[in-house]
Amino acid sequence: MRVPIGTSAAEHIVKRSRFVSAASYFDSPETIKSTIRGVREEHAGCNHVVYAYVIGAAGTVYGMSDDGEPKGTAGRPALEVLKGSGITNVLVTIVRYFGGTKLGTGGLVRAYSDSVRIVLPLLKTEELIERVRFTISAPYRCYEGIRRLIAELTGSVDKEEFAVGVVLEGLIPEERKAALTAGVGDLTGGAVQPNFF
């Protein structure tokens, strides 16, 4: 399985209806409502925001919505293309601006399937690697060195807090936990160790 490492967007027109699709990393079904709300705000005036997602190491958790299109004509065909893509932890949204001509059941299925087929090849992906979450509490003088170390180990920082010291939280490949622990120890003279959870 592969996972997205960026985002992609595409657009196509079918009988004057405009379909705008976007694909991105996604691993939290609890946030789907707020995510879709954000897409609606970005595309004020659209008629539908259809979505499909696939998550999990084996790509076995998924969801979709037709968002007012006839049942089974939008979210389901989008999801079927997504499930066959070999990509997991991915969300595809498809915004439709109605062009005045009804597409019929077959036309809708094709349009939404094609929207996913068009946007996925534009999405950069990487092989799925098991990652663990870490936190590191360190003095300010070690901040830049720790950030560099995390980047060198192909980790990512998604949260920082600056108070008495700095607290970094992010993800690191499972097999690089020992390297992160050793590197942080070297940078802080053995005073700091990452916490993993």
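Derivation of every value follows stated rules applied to the coordinates shown; laboratory data play no part. Keep in mind that this is a model prediction, so the values were computed, not measured. Please note: Cβ atoms are built from the backbone with ideal geometry, for glycine as well, and neighbour counts cover all protein chains shown.
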### Query
Any idea how far apart E30 and V61 come out in nm if each label point goes 7 Å out from Cα toward Cβ?
1.1 nm
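For region 4-108, which chymotrypsin sites (Phe, Trp or Tyr not before Pro) pass both filters: DSSP loop (anything but H, G, I, E, B) and at most 15 other C-beta atoms within 10 Å?
Details: sites: F19, Y25, F26, Y51, Y53, Y62, Y97, F98; in loops: F26, F98.
Those satisfying the criteria are F98.
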### Task
Return the tail of the calculated pair distribution for region 136-186, meaning the percent of Cα-Cα pairs more than 13 Å apart.
54 percent
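With N denoting the number of residues in region 2-127, provide Rg(C-alpha) divided by 2.2 N^0.38 Å, to two decimal places. Provide the component values of the computation, followed by the final result.
Details: Rg = 13.4 Å, N = 126, 2.2 N^0.38 = 13.8 Å.
Here the answer is 0.97, to two decimals.
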### Query
So for M64, M1, fewest C-beta neighbours within 10 Å to most, what's the order?
M1, M64
### Task
Specify the angular offset, from 0 to 90 degrees and rounded to the nearest 10, of the alpha carbon long axis of helix 177-187 from the longest principal axis of the alpha carbons in the chain.
50 degrees
### Where labels lie 7 Å past Cα in the beta-carbon direction, separation of A163 and T105 in nm
5.9 nm
### Query
Roughly how many debye, to the nearest 20, is the charge dipole of the chain about its Cα centre, given +1 on each Lys and Arg Cβ, -1 on each Asp and Glu Cβ, and no other charges?
800 debye
